[in-house]
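Colleague: The following block contains the structure, expressed as structure tokens.
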Amino acid sequence: PTKIIHAFNKNTTKHSSAKMKLVAPLGLWPFITGRLVIISWSAKLVSEKDDSATSPFAAASLSMHQLFANQSDSPNIMDVLARLPAAQVAMSIGENKRARKVAVCVSGHLRTFILPGVHSALAKHAVQVDGVSVDTYIVGHLGKYANTVSAFTGMGFQESHASALGNAQSPEVQSAIHYAGLNTKDTYISMGDCPALEAAWQADGIKGRGCKEFGSFLQIMWLDQCVRMVRTSGVAYDLIVRTRPDMGVFQPIDYNSLPLNQVSFMPKDDGRADYFFAIPMSLVTAWWDGIANMYVGGEMQAPDFKIFGDGAGMHQTQFPAAIARDAYNVECFRL
């Protein structure tokens, strides 16, 4: 780690117009491109020119080429994450304030969720967090599924794990969804298609909806299924946090810093991230129900370009999370 820090600081100073330096060890952040992988210890970058305008990930890319290593010489990112000690992040709930209650909704194709480092990192950094009480709800899909170019980058993983991802009772799936640190309260595992969705609607008494085998529609409807599980749980939550099963979470989430009167989202490379955001329970009816009804009514646009407006009800932030396509491919470039 020490050699990496020195090399990173030296090369960044040489190759960037704004000096960057690595400070405050916070965890392990992988940066991946093609078949090359870089592992950087100390996750926070500071720009001495303008530390408010430069993303840590964008800054890192300026000198990343100086630190590339062959993938064959590198450890499995997710296996490493599974063994890291939890990073320390100051989270204060303030005087005379109760701990917030958070429901994490994991919704989508299970994919890399079955890797120990993915679901254990979610447990460590999104569930077992100081100053809050967190439960997990999982709406997971089986089989092979991809409807975007980016998703196809993970098809090799899906094919090599087809047996595990095709059976809800496989040891890999069962170990992941019932991992002790997740505090899993409820699950709904299916093929993720229209017959499965219609069966879920029927079980919940949902009428007047027609299913469409279209990615954006299914994404919103299955997330709505997870939100409904939270609403009917009988637990009074302050926040619902939406994430995908294949998200790598690399540092603890500071839930207490999130507003309870705005939807918290993060930007990504080509828009706003629909794969990780937080909804205050006070806005589930006013905001989320409107989103769900919009897609029931025929909306077809990708959610990342549609569901987040620019009004006062939106709060832009940065969550330490990125899509893990396989054990060596984490899409930090989107951050």
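The values are calculated or read from the model by the stated rules, or taken from the named source; none is laboratory data. Bear in mind that the values here come from a model prediction, so they are computed numbers and not experimental data. Positions of Cβ are generated from backbone atoms using ideal geometry, with glycine treated the same way; all protein chains shown enter the neighbour counts. These area figures cover heavy atoms from the full protein model, side chains too; ligands, DNA and RNA do not enter into them. Shrake-Rupley method; radii C 1.70, N 1.55, O 1.52, S 1.80 Å.
Colleague: Can you compute the modelled spin-label distance between residue 180 and residue 301, with each label point 7 Å from Cα toward Cβ, in nm?
Modeller: Going from the residue 180 label point to the residue 301 one covers 4.7 nm.
Colleague: List every residue whose amide H lies under 5 Å from the amide H of residue 247, counting only residues 5 or more places away in sequence or on a different chain, with H placed 1.01 Å from N in the peptide plane.
Modeller: Residues meeting the criterion, in which the H sits 1.01 Å from N, are 324.
Colleague: A follow-up question, please. Would you mind checking the pairs 124/306; 212/306; 268/306 and listing those with alpha carbons more than 22 angstrom apart?
Modeller: 124/306
Colleague: Give me a comma-separated list of calculated 3J(HN,Hα) values for region 99-108, in order, Karplus coefficients 6.51, -1.76, 1.60 applied at θ = phi - 60°, integers in Hz, x for any Gly or Pro.
Modeller: The phi angles translate into 5, 5, 10, 10, 10, 8, 9, 9, 9, x Hz.
Colleague: Can you report the principal axis dimensions of region 129-263 using only the alpha carbons, biggest first, rounded to whole angstrom?
Modeller: Its Cα atoms span 40, 38, 29 Å along the three principal axes.
Colleague: List the residues, sorted by chain then number, that are 5 or more residues from residue 187 or on another chain and whose placed amide H is less than 5 Å from its amide H.
Modeller: Amide H to amide H, under 5 Å and 5 or more residues apart or across chains, residue 187 pairs with 138.
Colleague: Ok, one more. For region 202-263, what is the charge dipole size about the Cα centre, in debye to the nearest 20, if Lys and Arg each add +1 at the Cβ and Asp and Glu each add -1 at the Cβ?
Modeller: 280
Colleague: Could you tell me which residue out of 294, 266, 243 lies farthest along the dipole of region 189-335 toward its positive end? Charges go on the beta carbon: Lys and Arg +1, Asp and Glu -1, centred on the Cα centre.
Modeller: 294
Colleague: Relative contact order for region 204-310: what is it in percent, counting Cα pairs under 8 Å that are at least 6 residues apart?
Modeller: Relative contact order comes out at 32 percent.
Colleague: Which value, in debye to the nearest 20, gives the size of the charge dipole of region 181-335 about its Cα centre, when Lys and Arg are +1 and Asp and Glu are -1 at the Cβ?
Modeller: Dipole of region 181-335, to the nearest 20 debye: 220 debye.
Colleague: For region 323-331, take each phi angle, set θ = phi - 60°, evaluate the Karplus expression 6.51 cos²θ - 1.76 cosθ + 1.60, and give the result in whole Hz per residue in order, putting x for glycine and proline.
Modeller: Values, residue by residue: 6, 9, 6, 7, 5, 10, 10, 10, 7 Hz.
Colleague: When a/c is below 1.5 the answer is rounded, else prolate if a/b is larger than b/c, else oblate, so apply that to region 252-313 with a ≥ b ≥ c taken from the square roots of the Cα gyration tensor eigenvalues.
Modeller: Verdict is oblate for region 252-313.
Colleague: Give me the accessible area per residue for region 172-235, probe 1.4 Å, as a whole number in Å².
Modeller: Here the residues of region 172-235 average 47 Å² of exposed surface.
Colleague: Okay, next question. Putting +1 on Lys and Arg Cβ atoms and -1 on Asp and Glu Cβ atoms, find which of 217, 205, 312 reaches farthest to the positive end of the dipole of region 205-335.
Modeller: 205
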